[in-house]
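Accompanying notes for the structure given below.
The values are calculated or read from the model by the stated rules, or taken from the named source; none is laboratory data. Computed from a predicted model, the values in this text were never measured in an experiment. Quick reminder, even Gly has a Cβ in these numbers, built from the backbone with ideal geometry, and neighbours come from all protein chains shown.
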Amino acid sequence: MQTLAHTRVLLVEERHDYQEKLRRMLEKVGCSLIDTASEGQEGLDLLQASVEGVALVVCNLDIAGMDGLEFVRHASRLGVGGLILYSKHDDAVRSSAEWMARAYEAPLLGVLSVPFDLGALAALVRRLHVERIVFSDVLGDLERPGNANSEAIDELRAAIDQRQFVPHYQPKVCLRTGDILGVEALARWEHPELGLLAPVHFIGLMESTGLIGPMTHLLLEQAADDAVGWAKDGLQFPIAINVSPLTLERPASAKDLLATIGRSGVRPSRFTFEITEKAFAKDATTVLENVLRLRMKGCGIAVDDFGTGYSSLQQLDRTPITELKLDRSFVRRVTSNGKAASIVASTIDLARKLELKTVAEGIDTREQREHLAALGCDMGQGYLFAKPLRRDELERWARSPTAVAA
Ligand code: C2E
Ligand code: MG
Ligand code: MG
């Protein structure tokens, strides 16, 4: 089994004091094979020369010569396992570097701020560790199209059969009153050896192996059962389920989802399906047909991560949407960045005119909540109110009168 001590790390940093500081921090989190380059070209040369490959690159965006941005572009093509960037610049620069790295399909683990925070670095390194160790054999094969490793598929299918995927629920709260207005079901993998895994570790794999559909049905089934249980206890909120664009490109998917709901006896109107704007990028007609069928049976349709993808005004016009979910990247800057605040304000305004509900994702401060409520945003989700909770935790949360005192 691969451990962090055997993980080869490349640190790209020109300042000697930063190099030393980061080296000490990386050693504290368990890395010991650390190479250093003081500028981008030297980093690329080391990457190319490395026989066994570099698992982790930690790079300053502001290095001399070839800067961090150019380095990322070249390094993404050289098969690095994971990439951590950092910068002394503000949030806006860091978040746009994040977008850029993702656009290059770099295996970005995150962008850190300076001065360095050991906890934040450790959390990012841990992500690399989990993904590489758990899926060390799986990932390599699966990521090459048409080369899905049948052992990996069997393992994932067995995990579905054993119902290791469970929904955790994050409350959607009325921003004015604090009342719970619904929940979003978020997939978690109760891995027998690794504990609870978040979607970042498995949704991509599920999509590339074609198992995202069966996983979604498993989640929907459990959510419907939970809805039946909650109704008996007088809790009647709607449940939102995330559906992958790949699922919606399959012509029969809406019928299958409706059949799963039908078997539970819960009314389809209790469910909202969350689709991302990526769903509109490919076969828009099949997607539209599925979405329309779900809507015609009474399900709600939310556009998830709104503002980050491909939807056009024309798509908003022709898709039977009921809800817009404002992406966290805007919400977290709504009180600090004028541009983000204007985008949020105009989106809420547009949604109101189109008679759509608005949900702000990732609210984690009181100021954000108040600002969004003043703009007329209907609902909020975020750590300020609650993290995604197990079913029993959610029940307790929903009953606690102080739960939404925030
Ligand atoms: P999403 O649908 O946009 O879900 C919101 C994500 O933001 C959740 O992460 C949630 O835990 C996180 N979040 C909520 N409030 C806050 C906050 O205040 N601060 C921060 N930092 N994060 C917050 P999670 O559960 O890791 O899910 C990530 C993504 O994985 C989801 O994004 C969704 O796109 C995908 N996903 C989750 N479950 C499923 C599923 O069953 N099917 C499919 N296709 N995708 C899923
Ligand atoms: Mg969602
Ligand atoms: Mg979202």
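Evaluated against (1) within 16 Å of ligand 1 (Cβ to nearest atom); (2) buried (at least 17 other Cβ atoms within 10 Å of the Cβ); (3) over 20 Å from the mean Cα position of the chain (by Cα), S336 falls short on exactly one condition, (2). One residue alone among I343, I321, I275, I261 is surrounded by 22 or more Cβ atoms within 10 Å (Cβ to Cβ), in contact with a Phe, Trp or Tyr (Cβ under 9 Å, 6 or more places away or on another chain) and hydrophobic (A, V, I, L, M, F, W, C), and that residue is I261.
The residue that is nearest to L246 (Cα to Cα), counting only those in the stretch 175-223 that are more than 10 Å from ligand 1 (Cβ to nearest atom) and of a type in the set (D, E, K, R), is E221. Being at pLDDT below 90, loosely packed, with under 15 Cβ neighbours inside 10 Å, within 23 Å of the chain's Cα centre (by Cα) and aliphatic (A, V, I, L, M) holds for only one residue in L108, L156, L194, L139, and it is L194.
Among the residues of the stretch 380-391, is any in a helix (DSSP H, G or I) and surrounded by 15 or more Cβ atoms within 10 Å (Cβ to Cβ)? Break it down into steps so the answer makes sense when it comes.
Going residue by residue through the stretch 380-391, those that are in a helix (DSSP H, G or I) are 391.
Next, from what is left, pick out any that are surrounded by 15 or more Cβ atoms within 10 Å (Cβ to Cβ): 391.
Yes, the stretch 380-391 has at least one match.
Within the stretch 165-201, the residues that satisfy the criterion of being free of Cβ contacts under 8 Å to residues at least 40 places away in the same chain and closer than 27 Å to R126 by Cα are W189, E190, P192, E193, G195, L196, A198, P199.
Within the stretch 364-393, the residues that satisfy the criterion of being within 24 Å of V166 (Cα to Cα) and either within 16 Å of ligand 2 (Cβ to nearest atom) or touching a residue at least 24 places away in the same chain (Cβ under 8 Å) (or both) are G380, Q381, G382, Y383, F385, A386, K387, P388, L389, R390, R391. Residues that are within 16 Å of ligand 3 (Cβ to nearest atom), out of contact with any strand residue (DSSP E or B) (no Cβ under 8 Å at 6 or more places or on another chain) and closer than 23 Å to L186 by Cβ number at least 1 in the following helices (runs of 4 or more DSSP H) confined to the stretch 240-348: 328-331.
Return yes when S253 is crowded, with 18+ Cβ neighbours inside 10 Å and among the small types (G, A, S) and no when it is not. Against the criterion (crowded, with 18+ Cβ neighbours inside 10 Å and among the small types (G, A, S)), S253 qualifies.
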